[in-house]
1. From the residues in region 268-281 that are assigned to a helix (DSSP H, G or I) and out of contact with any helix residue (DSSP H, G or I) (no Cβ under 6 Å at 6 or more places or on another chain), which one is farthest from Ser201 (Cα to Cα)?
2. Identify the residue in region 261-283 that is within 15 Å of Thr221 (Cα to Cα) and not β-branched (Val, Ile, Thr) and, among all such residues, is surrounded by the fewest Cβ atoms within 10 Å (Cβ to Cβ).
3. Just to be sure, is Ala122 surrounded by fewer than 22 Cβ atoms within 10 Å (Cβ to Cβ), in contact (Cβ under 8 Å) with a residue 12 or more places away in the chain and among the small types (Gly, Ala, Ser)?
4. Can you tell me which residue among Ser146, Ser201 is part of a helix (DSSP H, G or I) and touching a helix residue (DSSP H, G or I) at 6+ places or on another chain (Cβ under 8 Å)?
5. Checking the conditions here, which among Pro178, Pro155 is free of Cβ contacts under 8 Å to residues at least 24 places away in the same chain, in a loop (DSSP other than H, G, I, E, B), at negative phi and not hydroxyl-bearing (Ser, Thr, Tyr)?
Amino acid sequence: MAKYVDQQARNRARKRKQKKARRMAMYSCIVLFVLVVSFVITQVIQFFTREEDHQPLLDNPGNTQTELTDTPSPVDYAVGPHISDLSLPLVQPDISHTQATANGRVDVGYFDDAIFMGDSLADGFKDYAAWMSLKGRGTLYLTQRSMTPRSFMQPGAMVDAGDAGVVDVWATIADRQPGKMYITLGTNALMAMDPAEFIESYYQLVAKIRQTSPNTTIYITTIPPTSSAYAAKEERLSKERIQQANDLIAKMCREENLALINLYDVVMGADGYLNEEINSDGIHMTPEGYKMWLNYLIEHTVYSPDSPYIPGSPYHSQNLVDSIITEQTDNG
């Protein structure tokens, strides 16, 4: 009988230990869960504080009531003094020696294998695609408001690609292997960091694009000016600060052998600020501004014999044949 009672006591003691062990395990799991959640929340807060603090509210550009049915026709654009001709804190290199050359007009089919990447300024190409005869083509838009080079570099970066829906940026680039990419970034970055920090993150973005899609031709767009009124109230987007960042962009393009699209000169007025005729809200442009932008892209490309140059362009195939025949005739 004594042995039976002693066995019961041992069983009760064992059960108490098991219950205590289960409680300790449960408490440990709860503590671990709370620590993990706290860490994740802290990281998220730090990320958005770093990336979004002081970001301008860059809404979609242009007038949404504009009729977007006409095909854009060629327009004249005012090209002011080169940035290197202005008085800048940093003047190297000469942007006019770095920018993409005017090789003649290409058909809009040139953009069928292109990806436009950038912030809300680049987003205008997605908004006005139909109006600019880019709708229904293979052109893809990895564009979204408030984006910076650093935010594109985040693992799992997602953007609204319009008709393609919300997509993973790097999975899309890896899958598409685009023939060319047009990148427009900087306005948001200058609101959150100085030009040196901005360009460092830009170098990293370019390196990742090349690693992901090594045969892609990369076009880098200079940061366009704001209106004089906007620059007066927001010193982080002053004319001098934008020009300083553009000099660094040009330097990066020269060092990395990238094609520079000098949008600054295309859309600025005589005073060096955003041309008031295409000014939408001080930062963004009207549809006419995007027509000027697209027209410049059509005329300034990296030369390739496979490019769809239109008749009359210097590198159109028939023009090359005619020039060869003329040269042979002249030489007897």
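Derivation of every value follows stated rules applied to the coordinates shown; laboratory data play no part. None of these values were measured; they are calculated from a predicted model. Cβ coordinates were reconstructed from backbone atoms using ideal geometry, including for glycine residues, and neighbour counts include every protein chain displayed.
1. If we take residues in region 268-281 being assigned to a helix (DSSP H, G or I) and out of contact with any helix residue (DSSP H, G or I) (no Cβ under 6 Å at 6 or more places or on another chain), then Glu277 is farthest from Ser201 (Cα to Cα).
2. Looking at the filtered set, the residue picked out is Met268.
3. On the way: surrounded by fewer than 22 Cβ atoms within 10 Å (Cβ to Cβ): no; in contact (Cβ under 8 Å) with a residue 12 or more places away in the chain: yes; among the small types (Gly, Ala, Ser): yes.
In short, no.
4. Ser201
5. Working: Pro178 fails: free of Cβ contacts under 8 Å to residues at least 24 places away in the same chain.
From the options Pro178, Pro155, the qualifying one is Pro155.
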